[in-house]
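The values are calculated or read from the model by the stated rules, or taken from the named source; none is laboratory data. Because the structure is predicted, anything quoted here is derived from the model rather than measured. Virtual Cβ from ideal backbone geometry, glycine too; neighbours counted across all protein chains shown. With ligands, DNA and RNA removed, areas are computed over all heavy atoms of the protein, side chains included. Shrake-Rupley method; radii C 1.70, N 1.55, O 1.52, S 1.80 Å.
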Amino acid sequence: MSQRILLSAKEIDIILHRLACQLQENHLDFTDTVLIGIQPRGIFLAERLAKMLREDYRIKNVKLGSLDITFYRDDFRRGEKTLQANKTKIDFLVEDKKVVFVDDVLYTGRSIRAALTAIQSFGRPQEIELLTLIDRRFSRHLPIQPNYKGRQVDAINNERVNVMWKENDGEDAVYIVEKV
Amino acid sequence: MSTLSVDHLLGIKYLTKEDIDLIFETADHFKEVINRSIKKVPTLRDITIANIFFENSTRTKLSFELAEKRLSADVINFSASQSSVKKGETLIDTVNNILSMKVDMVVMRHPNPGAGIFLSKHVDASIVNAGDGAHEHPTQALLDSYSIRERLGNVAGKNVVIVGDILHSRVALSNIFALQLQGANVKVCGPKTLLPKYIESLGVGVETNLKSALQWCDVANMLRVQNERLDVSYFPTTREYTQQYGLNKKLLQELDREIVVMHPGPINRGVEITSDVADSGQSIILEQVENGVAIRMAVIYLLASKIK
């Protein structure tokens, strides 16, 4: 197994600022917009973006939730192990809101398909957008594309993209790992 | 570990502590799901479950059915009272006929102890025991422990007394196994005639005085007087039973601390428990019912994930 670095901490920081600016451009003061981090790894990115919008861009009203998609996935009973759920926490209304899904890597699109179904259990959003740090654009199984993307990667299928976050993994970095 | 160690839920006796932890952790997630505005997830769309009840049940059956439907499973119901069992069909024939309709899981209540175990050895489906005679009622015990954990933060180290008809109670036996597995101290309390002879061999304390039992415990689980199972007279009159083993406000007020009161239902108000206790803040009877759906969703989800 070999790995190479795709994004350093500094590059990630620059990308996050760009993504935050793009979000602000489209959603202004976030009155009608909510951010939803997709469990388990999307929440780190979502929390980071929410913090940046609040502190660096002085947007007071950024609502942030987390959505677990385990029970909505299409691969239940297909793997060896039972799929284990994570926590869902959405303590605001999504009805008629502009929802921005936030995930670290967009790969096949199946997680987002599941998230689109899952969010309907909480109400009917006015519209849903997708923000992702890494877009593996040639690996899609479904017609799903991000509205905001940090970096596009043309990784092949035996490569994995690992996004590390300081809060959880001790460093900010994105690696491409080649599985042997 | 993220998978159950068993393929069927036949009794708490066959589970490990890790299994119980996994069921509780999964139930936590389902509890969040059933509090959403849309209380349904599509996970078990491809699973068909048969609820086969050879004995009357309203609440357990409703709770299972609701759990199955909230997981989007297809559900068929079968009651022995309106069926070919009356015409002399055997259990295996009945179940095999149902399984021919491509059923993946069977939730069964049966008056005979061991019926679920017997079935699991002879048919190719995942079996969930919803009560087999006076043997076990595993999902009830799980939801009881889960409710204790929710109210008191932990089951380990807690003193739990089970009061009433221990002799005929599958709830008592499953509760004893479940509570002990999680490190609780268990006592049973009731008239001598309703305590099984060798109950102490299970490692539980025995008490015939309700007052002393209450003084010892953190949780009192009051069992229903099952008049339908009492083939002979085990106590002189219901009134006398109530005087000695009925839980009332006065008894609770005499204690120096607040204990948690439970009841698996249905309640005989004024017999094993008075209305003011059943409806008080110390009672977690309604939480038990709500948790029942989450626990059953967790059990079905975890077992269904093992169906190939």
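A few points about this structure:
- Strands (runs of 3 or more DSSP E) contained entirely in region B:30-111, each with at least 2 residues that are within 23 Å of residue A:72 (Cα to Cα): B:48-53, B:74-79
- Any chance residue A:46 is touching a strand residue (DSSP E or B) at 6+ places or on another chain (Cβ under 8 Å), free of Cβ contacts under 8 Å to residues at least 24 places away in the same chain and not in a strand (DSSP E or B): no
- For residue B:2, the requirement of being without any contact (Cβ under 8 Å) to a residue 24 or more places away in the chain, open to solvent by 70 Å² or more (accessible area, probe 1.4 Å), facing another protein chain (nearest Cβ under 8 Å) and closer than 21 Å to residue A:88 by Cα is not met.
- Scope region A:89-139; condition under 17 Å from the mean Cα position of the chain (by Cα), surrounded by fewer than 17 Cβ atoms within 10 Å (Cβ to Cβ) and not in a helix (DSSP H, G or I); matching residues: A:89, A:108, A:127
The rows are residues; the columns are (1) at pLDDT 95 or above; (2) over 30 Å from residue B:44 (Cβ atoms); (3) in a helix (DSSP H, G or I).
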site: B:234; (1), (2), (3): no, yes, no
site: B:240; (1), (2), (3): no, yes, yes
site: B:261; (1), (2), (3): yes, yes, no
site: B:265; (1), (2), (3): no, no, no
site: B:291; (1), (2), (3): yes, no, yes
site: B:301; (1), (2), (3): yes, no, yes
site: B:308; (1), (2), (3): no, no, no
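Listed here are the residues, each with its yes/no results for (1) within 14 Å of another protein chain (Cβ to nearest Cβ); (2) aliphatic (A, V, I, L, M).
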site	(1), (2)
B:17	no, no
B:36	yes, no
B:39	yes, no
B:50	no, yes
B:61	no, no
B:72	yes, no
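- Verdict on residue A:84 being open to solvent by 40 Å² or more (accessible area, probe 1.4 Å), in contact with a Phe, Trp or Tyr (Cβ under 6 Å, 6 or more places away or on another chain) and either touching a residue at least 40 places away in the same chain (Cβ under 8 Å) or within 14 Å of chain B (Cβ to nearest Cβ) (or both): no
- Residue within region B:216-230 that is closer than 30 Å to residue B:125 by Cβ and open to solvent by less than 30 Å² (accessible area, probe 1.4 Å) present: yes
- The residue of region A:68-81 that is farthest from the other protein chains (Cβ to nearest Cβ), among those that are under 18 Å from the mean Cα position of the chain (by Cα) and not aromatic (Phe, Trp, Tyr), is A:69.
- In region A:46-67, residue farthest from the other protein chains (Cβ to nearest Cβ) [restricted to those that are closer than 20 Å to residue A:163 by Cβ and open to solvent by 10 Å² or more (accessible area, probe 1.4 Å)]: A:52
- Pairing residues of region A:65-77 that are of a type in the set (A, V, I, L, M) with residues that are in a strand (DSSP E or B), at Cβ distances under 8 Å and at least 6 apart in sequence or on separate chains, gives A:67/A:36; A:67/A:37; A:67/A:38; A:67/A:101; A:69/A:38.
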